[in-house]
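Colleague: One structure coming up, written as structure tokens, with questions to follow.
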């Protein structure tokens, strides 16, 4: 158990920027270094974690911890990955807070805003690209993206409602992949 | 209801209804910025620090929690973002078959496509925060950030730091 906590603390504190860098470290520690999961088990856990609400990597840590040491493993893995990393994040925020009102920091913020905005837009494109179906169904998928965009941009509609309606619609109207496309269901 | 409990419930709800660490951004912005609890400047700082800090990038919510409520705000954010994804632990044990059905794939696809649309709207408004006064170089930073992030070859921290440096040069 101690080794499990140590591995997750290392994953949480050594990966910078989240996403792929964290995923690669999880794979290195859990599969390659300790052999707690096989490559196949890891890939399956990763695929299932993509279906989770919230932070996918927390779901992945929880599922891996459960396989290794039951519920104690879940808590050890998630807390190990999240708590020290969250401490670093809060400490960085506190440090930035000391200089946030300086003119130079304000100027930096005026450049960081469009940078984070652009990164958010790119993430939207990547999410849409990965979730879309092939063939004529892509038009329906694109319409869902455009309508959600328009509702928030022009009508300030409820984001929660947009997601809930789209999920409901998805259960009935967005489920089918063209059989001949040969693309695996996500 | 105390402020702490209210913040916890908002972050818990928004994490539970979003897909991915950044998926909750439009929801959190609507719940906290539109109501005056946080500002867009704080959201941008949180997003930037989330990209520069260690751990999953969903930790931007912890940075925002710290800005709103200090260390207790950060602790609340850790708890609120850690709980919803854990629903997958019993779900994969009990309902693995359901998770692999076309209907569930459709639910996830619908939620993902809608989240993409909402994130696109949020990203656009973060780039054009200054409205008509948005400078050409801010639009250029936005465009370059889109291209670099989409390609995925450059570390996200570099994009944030690059934006900050250009801001220091041109935004004074």
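Colleague: Taking chain A as a Gaussian network, where each spring joins two C-alpha atoms under 10 Å apart, which residue of A:68, A:126, A:30 fluctuates the most?
Modeller: Ranking A:68, A:126, A:30 by mean-square fluctuation puts A:126 first.
Colleague: Would you list A:78, B:43, A:140, A:5 from fewest to most Cβ contacts within 10 Å?
Modeller: The most exposed by this proxy come first: A:140, A:5, B:43, A:78.
Colleague: Right, another one. Give me the compactness ratio for chain A, meaning the Cα radius of gyration over 2.2 N^0.38 Å.
Modeller: Compared with the compact-globule rule of thumb, chain A sits at 1.26.
Colleague: A further question follows. Among A:6, B:29, what is the fewest-to-most ranking by other Cβ atoms within 10 Å?
Modeller: Ordered by Cβ neighbours within 10 Å, fewest first: A:6, B:29.
Colleague: Over all residues in B:150-158, what is the mean tally of Cβ atoms on other chains that come within 10 Å of each residue's Cβ?
Modeller: 4
Colleague: So what is the diffusion coefficient of the protein assembly as shown in µm² per second by Stokes-Einstein at 37 °C and 0.692 mPa s, using a Kirkwood Rh over Cα pairs?
Modeller: The estimated diffusion coefficient comes to 161 µm²/s.
Colleague: If one takes the longest principal axis of the Cα atoms in chain B, at what angle in degrees, from 0 to 90 and to the nearest 10, does the Cα axis of helix B:102-127 lie?
Modeller: 20 degrees
Colleague: Hey, got the average number of other protein chain Cβ atoms within 10 angstrom for residues in B:88-100?
Modeller: 5
Colleague: So, one more: Could you work out which residue, out of A:47, A:108, A:69, moves most in a Gaussian network model of chain A, that is, has the largest mean-square fluctuation with Cα springs under 10 Å?
Modeller: Of A:47, A:108, A:69, the Gaussian network model singles out A:108 as fluctuating most.
Colleague: Mean separation of Cα pairs under 8 Å and 6+ residues apart, divided by the residue count of region A:2-99: what relative contact order is that in percent? Spell out each step's value before the answer.
Modeller: Numbers: 86 pairs, mean separation 32.0, N = 98.
Computed over region A:2-99, the figure is 33 percent.
Colleague: Based on DSSP H runs of at least 4 residues, each adding -39500 (n - 2.57), what is the mean residue ellipticity at 222 nm of chain B after dividing by all its residues, to the nearest 500 deg cm²/dmol?
Modeller: -22500 deg cm²/dmol
Colleague: Can you tell me the length gained on complete extension of the stretch residue A:72 to residue A:3, counting 0.36 nm per residue apart and subtracting the Cα distance?
Modeller: The span from residue A:72 to residue A:3 would gain 23.5 nm if fully extended.
Colleague: Taking the 0 to 90 degree range and rounding to the nearest ten, how far is the long axis of helix B:3-16 tilted relative to the main principal axis of chain B, both from C-alpha atoms?
Modeller: 80 degrees
Colleague: Hey, another quick one. For a quick check, take a GNM of chain B with Cα springs below 10 Å and name the residue from B:81, B:35, B:101 with the largest mean-square fluctuation.
Modeller: B:101
Colleague: Quickly estimate the mean residue ellipticity at 222 nm for chain A, helices only: each DSSP H run with n ≥ 4 gives -39500 (n - 2.57), and the total goes over all residues, rounded to 500.
Modeller: -25500 deg cm²/dmol
Colleague: Using Cβ contacts closer than 10 Å as the measure, can you line up A:64, A:151, B:146 from fewest to most?
Modeller: A:151, B:146, A:64
Colleague: Further question: Please state the relative contact order of region A:103-181 as a whole percent: Cα pairs under 8 Å, 6+ residues apart? Intermediate values should be presented prior to the final figure.
Modeller: Working: 22 pairs, mean separation 25.3, N = 79.
So the answer I get is 32 percent.
Colleague: I'd like the mean, over residues of B:79-85, of how many other protein chain beta carbons sit within 10 Å of each residue's own Cβ.
Modeller: Mean partner-chain Cβ count within 10 Å for B:79-85: 6.
Colleague: Which whole-number percentage describes the relative contact order of chain A, with Cα contacts under 8 Å and a sequence gap of 6 or more?
Modeller: It rounds to 17 percent for chain A.
Colleague: Further question on the same structure: Report, in whole Å, the centroid distance computed from the Cα atoms of region A:114-169 and region B:26-41.
Modeller: First find each Cα centre; the distance between them is then 20 Å.
Only the coordinates and a few stated rules stand behind these numbers; no lab work does. Keep in mind that this is a model prediction, so the values were computed, not measured. Cβ: placed from backbone, ideal geometry, glycine included. Neighbour counts: every protein chain shown.
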